[in-house]
Amino acid sequence: MKKPVVLVTGADLAPQALDVLRDYDMVYAGKTPSYDDIVELCRRHDPTAVIVRYSGVNAAAMDAAPSLKVISKHGSGTDTIDKAAAAARGIAVRAAVGANAAAVAEQALALMLACAKSVPQLDARMHAGHWDKSTHKSLELGGRTVGLVGLGAIGRRFARMADALDMKVIGFDPYATDLPGYIRTVDLDTLWREADVISLHCPLTDDNRGLLDARTLALCKPGVIVVNTARGGLIDEPALLAAVRSGQVRAAGLDSFAVEPIAPDQVFKGEPGFILSPHIGGVTSDAYVNMGLAAARNVRAVAEGMDASAIA
């Protein structure tokens with residue numbers, strides 16, 4: 001009897017995840033699949049499930065796969081999946097919630113520290129033969145305030161790290177409950193005004209696209225640090241560029257961008273004051289396994305009517 005198919009919009013999956021899906025035939029879309037590639041693979045293989053690593057799944061792909069039951073994200077962000085189209089077709093959408101929380105929170109911490117301590121700039125100067133001890137002043141983070149937009153698994157983990165640095169932690173998340181005592185919840189305008197560091201940890205939605213724009217950046221303290229390990233669409237990129245150039249923003253540490261991979265003429269390229277990484281916050285050896293396992297268990301839970309937590 002022919003096995004049901006799982007389409008992976010990537011080139012691989014952790015061996016541990018493949019073991020969970022041993023009763024399925026696996027099809028891989030490659031390292032950089034386009035939306036059209038995914039539609040064609042859905043048409044050719046009619047998968048029961050799609051595990052989304054790169055690119056995304058639109059209505060055309062869903063219509064090309066009449067057997068599709070579940071779209072399972074290899075990670076926490078589902079903005080590349082047309083969730084309205086999935087709901088209209090009775091297709092479940094699942095995310096690997098919390099599977100990469102440690103990895104992404106650590107990346108946010110690294111970017112914050114790199115911005116405050118000018119780590120890449122000083123490294124480049126040292127390699128060029130300079131010794132800037134008498135002229136350089138870094139920013140001390142202890143006692144300063146970090147404002148977190150989003151207090152899910154990643155935001156809470158980052159908050160704990162910031163608290164350990166003796167930073168004051170404020171946060172905005174209308175859905176968060178049972179928060180630890182070291183997080184003070186505030187509205188967004190208060191967060192913009194009080195934060196010395198702003199770190200984004202929320203999903204991208206139609207309501208918050210361009211959340212950090214010219215208006216909100218103008219409300220911030222002069223010299224604020226901006227960190228984004230969530231989704232690039234949360235930031236109005238030209239507005240952030242202008243704010244860094246003017247000094248309103250001291251530095252920006254970014255792991256995500258409005259268009260990925262970034263284009264040759266991307267506005268931040270070559271600009272001082274920007275520390276960039278290629279959306280790899282969740283890409284660690286541990287997170288690779290954790291996200292793969294969670295995505296695979298979510299596939300089986302929906303396709304077979306099982307409890308994901310009970311799947312070995």
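The values are calculated or read from the model by the stated rules, or taken from the named source; none is laboratory data. Just so it is clear, the structure is predicted and the values come from calculations on it, not from any experiment. Cβ atoms come from the backbone with ideal geometry, glycine included; neighbour counts cover every protein chain shown.
When you check residue 55 against the structure, is it under 25 Å from the mean Cα position of the chain (by Cα), at positive phi and in the same structural domain as residue 10 (by TED's automatic domain parsing), yes or no?
Considered against the rule, which asks whether it is under 25 Å from the mean Cα position of the chain (by Cα), at positive phi and in the same structural domain as residue 10 (by TED's automatic domain parsing), residue 55 comes out as yes.
Please note which helices (runs of 4 or more DSSP H) are completely contained in the stretch 3-67 and include at least 1 residues that are under 19 Å from residue 96 (Cα atoms).
Of the helices (runs of 4 or more DSSP H) lying wholly inside the stretch 3-67, those with at least 1 residues that are under 19 Å from residue 96 (Cα atoms) span 15-20.
Does at least one position in the stretch 165-172 carry a residue that is surrounded by fewer than 20 Cβ atoms within 10 Å (Cβ to Cβ), of a type outside the set (A, V, I, L, M, F, W, C) and touching a strand residue (DSSP E or B) at 6+ places or on another chain (Cβ under 6 Å)?
yes
Given the conditions (1) free of Cβ contacts under 8 Å to residues at least 12 places away in the same chain; (2) crowded, with 22+ Cβ neighbours inside 10 Å, and given that residue 270 satisfies all but one, which numbered condition is not satisfied?
Just one mismatch for residue 270, condition (2).
Give me the residue from the stretch 107-149 that is among the small types (Gly, Ala, Ser) and not in a helix (DSSP H, G or I) and, out of that set, nearest to residue 175 (Cα to Cα).
Looking at residues that are among the small types (Gly, Ala, Ser) and not in a helix (DSSP H, G or I), I get 147.
Yes/no matrix, rows are residues, columns are (1) touching a residue at least 40 places away in the same chain (Cβ under 8 Å); (2) in contact with a helix residue (DSSP H, G or I) (Cβ under 6 Å, 6 or more places away or on another chain); (3) farther than 23 Å from residue 304 by Cβ; (4) surrounded by fewer than 19 Cβ atoms within 10 Å (Cβ to Cβ):
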site	(1), (2), (3), (4)
16	yes, yes, no, yes
19	no, no, no, yes
25	no, no, no, yes
35	no, no, yes, yes
44	no, no, yes, yes
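Which numbered condition in (1) of a type outside the set (Val, Ile, Thr); (2) under 30 Å from residue 142 (Cβ atoms); (3) not assigned by TED's automatic domain parsing to the domain that holds residue 157 is the only one that residue 291 fails?
(2)
So how many residues does the stretch 51-100 have that are farther than 20 Å from residue 289 by Cβ, crowded, with 16+ Cβ neighbours inside 10 Å and not small (Gly, Ala, Ser)?
The qualifying residues number 14.
Listed residues 110, 99; which is closer than 30 Å to residue 75 by Cβ and either at pLDDT 95 or above or touching a Lys or Arg at 6+ places or on another chain (Cβ under 8 Å) (or both)?
Result: 110 is the single residue among 110, 99 that is closer than 30 Å to residue 75 by Cβ and either at pLDDT 95 or above or touching a Lys or Arg at 6+ places or on another chain (Cβ under 8 Å) (or both).
In this structure, does residue 247 turn out to be surrounded by fewer than 20 Cβ atoms within 10 Å (Cβ to Cβ) and under 17 Å from residue 197 (Cα atoms)?
yes
Of all residues in the stretch 132-172, which are at positive phi and under 23 Å from the mean Cα position of the chain (by Cα)?
150
Conditions: (1) closer than 20 Å to residue 194 by Cα; (2) crowded, with 17+ Cβ neighbours inside 10 Å. Residue 104 meets all but one. Number of the miss?
The failed condition is (1).
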